[in-house]
Number of protein chains: 2
Amino acid sequence: MKNKKSLQVIKIGGNIIDNPKELKQFLTDFSAIEGLKILIHGGGKSATKMAKSIGLLPQMIDGRRVTDARMLDVVVMIYAGQINKNIIAQLQAHNTNAMGFSGADGNLIKSSKRDHPTIDYGFVGDVKSINTPLLETLLSIGIVPVFCAITHDKDGQLLNTNADTIASELAIAFSDVFEVTLNYCFEKPGVLFDSEDDCSVILNMNAELYSKLKEEKAIHSGMIPKLDNCFNSLSKGVKKIKIGHHNLLQNENSVCTTIQL
Amino acid sequence: MKNKKSLQVIKIGGNIIDNPKELKQFLTDFSAIEGLKILIHGGGKSATKMAKSIGLLPQMIDGRRVTDARMLDVVVMIYAGQINKNIIAQLQAHNTNAMGFSGADGNLIKSSKRDHPTIDYGFVGDVKSINTPLLETLLSIGIVPVFCAITHDKDGQLLNTNADTIASELAIAFSDVFEVTLNYCFEKPGVLFDSEDDCSVILNMNAELYSKLKEEKAIHSGMIPKLDNCFNSLSKGVKKIKIGHHNLLQNENSVCTTIQL
């Protein structure tokens with residue numbers, strides 16, 4: 001176990017994407033991380049903005065975008081085009097040899113269109129497999145993969161896919177080969193005891209504490225699927241998960257929530 | 001020389017991009033090509049259409065798009081996002097292990113912002129260098145690179161770049177290592193003796209014939225920069241250039257213009 005190389009899997013949310021200054025700082029910090037790393041980015045508000053400007057009305061069910069054919073076109077443009085390529089160009093300026101990918105590129109992430117008994121999510125994909133050997137080769141030649149939240153079904157169809165899930169599936173897929181830390185960067189400094197108080201960060205979380213906090217209803221409803229997902233990743237071999245503001249990347253001692261089994 | 005592997009560099013124009021049926025047929029033919037290959041695609045009409053739908057007026061000078069910041073955003077979205085990722089997904093369905101790139105990805109194509117004494121082209125880049133070693137590695141592990149016409153300056157700026165030029169620069173960069181055929185696929189069956197008659201394809205062209213045809217003004221003005229570019233590529237080591245309809249990929253004997261020194 002001790003001979004495994006470390007791999008940082010880092011997911012950034014829309015709050016960073018939507019703020020050029022924050023994004024710039026994040027990309028500077030990300031570039032400074034030594035060793036192997038993979039970035040996954042969400043979409044932010046620009047897809048919704050673009051959709052509105054061309055007359056599409058975005059639909060949400062249970063916090064997930066319902067993606068019809070025209071909306072898929074928009075998210076592919078914005079996520080794989082505008083956001084991904086601008087991130088890549090900025091990372092290259094930091095001498096980070098980044099390459100931007102959708103799941104279709106190199107068949108890196110295959111998904112299947114979600115089949116739900118009552119809700120038609122449209123062109124939304126659930127991750128089925130990761131092309132770990134090809135990604136390992138890319139990492140071994142110094143490439144830093146940067147994924148947007150678009151995958152494909154290997155039958156020619158692109159699919160909109162949850163970025164948190166892509167991050168956790170990548171982390172799980174590599175946990176045999178690397179000692180993986182999964183980092184979720186969002187607008188809060190961590191998981192909070194009191195969702196109104198940013199100073200109430202739960203520094204260390206384990207399964208026992210999580211059960212207790214759920215029982216006491218101290219954890220906010222939106223946080224539950226995220227944390228369930230975290231414990232699932234840990235049970236499948238991911239070593240450690242960090243949740244917090246992106247300055248958690250700056251040093252080991254930054255305030256954030258660290259989750260371990 | 002005879003031990004060099006073959007490499008096909010293939011550029012497709014907007015006429016194929018804009019026609020889903022043509023594109024599907026092209027991608028089927030492209031997938032069937034054995035050996036090493038690289039695809040470069042232009043933009044087609046969707047960038048202009050998108051620009052119009054969000055209220056931008058496209059500007060052209062000497063047949064080249066003038067690219068301000070908002071137009072750059074649009075071409076990055078459309079070329080690197082929508083068009084590139086849909087091509088990749090379709091190639092993957094044909095079991096072609098394609099990866100879509102801008103020049104920023106892996107620092108594969110570095111350009112510099114065009115500096116013109118009288119015309120401000122905006123965010124337009126002229127190719128400066130190709131990351132041949134990384135592309136060779138990718139080819140050697142079975143990746144089929146698919147480039148859109150976006151490059152970067154390595155200082156964080158994406159730049160709109162002529163797709164024909166990207167194709168010729170790639171062909172030249174690889175001519176030391178591979179026996180390179182450069183293929184330009186467009187709406188005509190080849191270079192024509194009479195631009196009104198599609199049956200008047202010049203099957204074989206060399207420098208001598210080209211001089212003669214230019215003298216006789218038999219060659220259309222728009223064709224001259226394209227052909228000058230071809231002879232430049234040949235003088236820099238490219239073995240052969242084919243110009244014609246994309247069915248030239250189907251077999252060695254399809255009608256097209258073949259240009260050699």
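Derivation of every value follows stated rules applied to the coordinates shown; laboratory data play no part. In this text the structure is predicted, and so the values were computed from the model without any measurement. We place every Cβ from the backbone using ideal geometry, glycine too, and count neighbours over all the protein chains shown.
Annotations
- Residue in region A:95-104 that is facing chain B (nearest Cβ under 10 Å), farther than 14 Å from B:Gly100 by Cβ and small (Gly, Ala, Ser) present: yes
- Residues in region B:56-87 that are within 23 Å of B:Gly142 (Cα to Cα), under 16 Å from the mean Cα position of the chain (by Cα) and of a type outside the set (S, T, N, Q): B:Ala80, B:Ile83, B:Ile87.
- For B:Tyr121, the criteria (1) facing chain A (nearest Cβ under 9 Å); (2) of a type outside the set (A, V, I, L, M, F, W, C); (3) in contact with a strand residue (DSSP E or B) (Cβ under 8 Å, 6 or more places away or on another chain) hold in every case but one, which is (1).
- The number of residues in region B:114-130 that are within 14 Å of B:Asn162 (Cβ to Cβ) and of a type in the set (D, E, K, R) comes to 3.
- Pairs with Cβ under 6 Å, 6+ apart, first in region B:49-78 and more than 19 Å from B:Asp164 (Cβ to Cβ) and more than 10 Å from chain A (Cβ to nearest Cβ), second part of a helix (DSSP H, G or I) and among the charged types (D, E, K, R): B:Leu56/B:Arg70
- Breaking point among (1) more than 9 Å from chain A (Cβ to nearest Cβ); (2) assigned to a helix (DSSP H, G or I), for B:Leu91: (1)
- Filtered residues of region B:95-122 (kept if in contact with a Lys or Arg (Cβ under 7 Å, 6 or more places away or on another chain) and either in a loop (DSSP other than H, G, I, E, B) or among the β-branched types (Val, Ile, Thr) (or both)): B:Ser102, B:Gly103, B:Ala104, B:Tyr121
- Evaluation of A:Leu249 against (1) more than 27 Å from A:Ala173 (Cβ to Cβ); (2) in contact with a helix residue (DSSP H, G or I) (Cβ under 9 Å, 6 or more places away or on another chain) (one fails), failing number: (1)
- Odd one out for A:His41, checked against (1) of a type outside the set (D, E, K, R); (2) within 18 Å of A:Lys226 (Cα to Cα); (3) within 12 Å of chain B (Cβ to nearest Cβ): (3)
- Qualifying residue in region B:13-33 (condition: surrounded by fewer than 17 Cβ atoms within 10 Å (Cβ to Cβ), in a loop (DSSP other than H, G, I, E, B), within 11 Å of chain A (Cβ to nearest Cβ) and touching a residue at least 40 places away in the same chain (Cβ under 8 Å)): no
- Annotation: of all residues in region A:85-122 being more than 25 Å from B:Val75 (Cα to Cα) and among the charged types (D, E, K, R), the one that is surrounded by the fewest Cβ atoms within 10 Å (Cβ to Cβ) is A:Asp115.
- Within region B:132-152, being facing chain A (nearest Cβ under 8 Å), outside any strand (DSSP E or B) and touching a strand residue (DSSP E or B) at 6+ places or on another chain (Cβ under 7 Å) holds for one residue alone: B:Ile143.
- Selection from region A:144-179 of residues that are among the β-branched types (Val, Ile, Thr), in contact with a helix residue (DSSP H, G or I) (Cβ under 8 Å, 6 or more places away or on another chain) and buried (at least 24 other Cβ atoms within 10 Å of the Cβ): A:Val146, A:Ile150, A:Thr151
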